[in-house]
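Step one of this worksheet: look at the structure below.
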Amino acid sequence: MKKEAKVVLSIDYGTKNIGICVGETYTGQTRPLQRIKNGSSLENSFDDLLNEWRPNLFLIGIPSKMTSEFAKGVDKIKGLIKNKYKIDLIEINEDFTSQGLAKNKKDKMKDSYSAELIFEDWFNQNYG
């Protein structure tokens with residue numbers, strides 16, 4: 001894959017909180033962002049993220065096994081990204097992201113650190 005600088009927002013979806021990480025494809029640098037609450041202000045939070053970061057691409061972690069409630073939430077986020085923002089979205093298997101976190105990163109930012117691992121996995125497979 002050709003090296004080019006793109007801004008990528010990576011998502012670790014959760015029914016209560018959503019982890020967000022911004023990554024850049026030329027250098028592979030990442031920055032976990034403050035997680036956002038999954039609730040009535042979700043769309044406003046995504047509007048703010050897009051206005052600030054202007055991503056070229058979204059990544060979303062998808063577990064291999066989901067409850068129906070979880071799957072509905074994932075579909076809602078995917079629909080928002082594809083239909084409202086018209087930005088490409090790539091699904092990434094996230095089965096082991098939380099287990100891959102260092103113990104010192106399992107705090108209120110753990111969801112965003114999981115989103116960072118989702119980006120790193122995708123980046124290493126495509127640009128590494």
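Calculate what fraction, in whole %, of the accessible area of the range 1-51 sits on carbon and sulfur atoms when a 1.4 Å probe is rolled over the protein chains. Before the final figure, lay out each step's value.
Working: 1160 of 2680 Å².
Taking all protein chains in place, the range 1-51 shows 43 percent carbon and sulfur surface.
Counting only heavy atoms of the protein chains and using a 1.4 Å probe, Trp53 has close to 60 Å² of accessible surface. With each label modelled as a point 7 angstrom along the Cα→C-beta vector, the Thr27-Asp48 pair spans 2.6 nm. On a per residue basis, the chain carries 58 Å² of accessible surface, using protein heavy atoms and a 1.4 Å probe. Charges were assigned to the Cβ only: +1 to each Lys and Arg, -1 to each Asp and Glu. The resulting dipole of the range 53-95 about its Cα centre is roughly 300 debye. Note on Ser64 and Lys76: the model spin-label points, each 7 Å out from Cα along the C-beta direction, lie 2.8 nm apart.
The values are calculated or read from the model by the stated rules, or taken from the named source; none is laboratory data. All values reported here derive from a predicted model rather than from experimental measurement. Because the Cβ atoms are built from the backbone with ideal geometry, glycine has one as well, and the counts that use them run over all protein chains shown. Note: accessible area is taken over every heavy atom of the protein model, side chains too, but ligands, DNA and RNA are not part of it. Shrake-Rupley method; radii C 1.70, N 1.55, O 1.52, S 1.80 Å.
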